[in-house]
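What follows is calculated from the coordinates using simple rules that are stated; it is not laboratory data. Quick caveat, the model's predicted, so the values are computed rather than measured. A quick note on method: Cβ atoms are made from the backbone with ideal geometry, for glycine too, and the neighbour counts reach across all protein chains shown.
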Amino acid sequence: KVLGLRMHPLNEWITNQVLTRKEFADKLDISVATLSRYLSRDRVPKPEIMRKIIEATGGAITPENFYFIGNYKDVQFKKSFFGTHLLSIEVLNANEITSILDRSEYFIKPYENLLNSQKNYKNRTLINLFFEDSTRTKTSFELAAKRLGMNVINMQIETSSIRKGESLIDTAMTLNAMHPDILVIRHSLSGVPHLLADKVRCAVINAGDGQHEHPTQALLDALVIRRRKGKIKGLKVAICGDIAHSRVARSNIKLLTTMGAKVNVIAPKTLMPNGIENLGARIYNDMKKGLENTDIVMILRLQHERMHGSYIPSPREYFRFYGLDIIKLGYAKRDALVMHPGPINRGIEIDSQLADDIDRTLILEQVELGVAIRMSVIEHLISNTEN
Ligand code: NCD
């Protein structure tokens, strides 16, 4: 048995009953915190509590279920959890986001954890289906799956041969016929992963669709922030640059506001999409005002491949007003940290020296933790399909 990867049996029982922890704790007359302690430690509850647990579960859970070697990870799986696919951040609540982040912490740490987990997924397959260029995201998914012991197939797709509609669905149906467990899809059109998710029988992960969403990027950014700042709630985060064409911005705004952070978006008017304030962000066209008092500054690339026409007068002028350098970073808090999803364009949206300043920028840490986040997401999806 692979320990440390399974849910605590009581946790599993609670989940299967579609109960919340609170509801179950109330039945036992104990606090949620106490219940959570029982679910994460190898310790049998006090006799009077144990008796109540046996009674409440109709004998399904006995003291034996509390003895084991190793630790069950205290992860709350819920029936309402994002289900079979991860297509957007929109559908996740704060608990679900926290559970993905918590589980990734486990994958950052000791190597033996990874060795244990490899046994679990030997016969599982992940297919990377990237219709757009990508270095880090594709590699990250590949590495994550391989660290979990899965087989990985990278589809070689010539962008030019891809047509919309039928042929796209045909591709998906062909892959589906090979029974993969997970299909990771990136496409330049918003909504493609959703469309294909309806057609295939495996779990679909959206690895970036047009300018809509890029959920695993926002999750890994959240993990980096939480580890560096100790929390997400109450922080002030500025997202600067090409907001209009950015799926990273949309996923991040949704995630950060759900987790209780304040988000400022900063861009010239031409790169600020209409209605972005409806996602809960505050709009600024000026770096000085927008960066004031921020804890995290996220910089975005000018996404020329999604632009039709000219949105900025020149790269030099853009850098002058919106490129982040050490002077503009001075408008933020003294200990503000800089993030960028990559790929970076030095001297356009970020000063080259600042990009390399490991005391201020977290760019490579984002890449590093991305693998752990994707392992966590893959594991969540596979255990959801098992249930
Ligand atoms: C982003 C993307 O592709 O959406 N990059 C990434 O996933 N690391 C952002 C970008 O391309 O600028």
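Data overview
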| read-out | value |
| --- | --- |
| Aspartates and glutamates with Cα under 15 Å of residue 236, excluding same-chain neighbours fewer than 8 positions away | 221, 292, 295, 335 |
| The chain: antiparallel DSSP beta bridges as a percent of all, rounded to 5 | 5 percent |
| Residue-count net charge about residue 343 - beta-carbon cut-off 9 Å; Lys, Arg +1, Asp, Glu -1 | +2 |
| FRET efficiency, 1/(1 + (r/R0)^6) with R0 41 Å, evaluated for residue 383 and residue 282 via beta carbons | 0.60 |
| Listed residue pairs exceeding 23 Å between alpha carbons, taken from 122/254; 138/231; 289/333; 233/269 | 122/254; 138/231; 233/269 |
| Of the DSSP H helices in the chain, those whose Cα atoms cover at least 27 Å axially and whose Kyte score averages -1.0 or more | 363-386 |
| Hits among aspartates and glutamates - C-alpha to C-alpha of residue 22 under 18 Å, sequence gap 8 or more where chains match | 12, 55, 74, 96 |
| Relative exposure of 57, 385, judged by other C-beta atoms within 10 Å (fewest first) | 385, 57 |
| Percent of Cα-Cα distances greater than 23 Å, calculated over segment 165-277 | 40 percent |
| Using distinct alpha-carbon pairs, which all enter the 1/r mean, Kirkwood radius of the chain in Å | 22.3 Å |
| Longest segment of the chain lacking trypsin sites (Lys or Arg not before Pro) that sit in a DSSP loop with at most 14 other Cβ atoms within 10 Å | 234-333 |
| Charge dipole (debye, nearest 20) of segment 174-291; +1 at Cβ of Lys and Arg, -1 at Cβ of Asp and Glu | 700 debye |
| The chain - percent relative contact order, Cα under 8 Å, separation 6 or more | 15 percent |
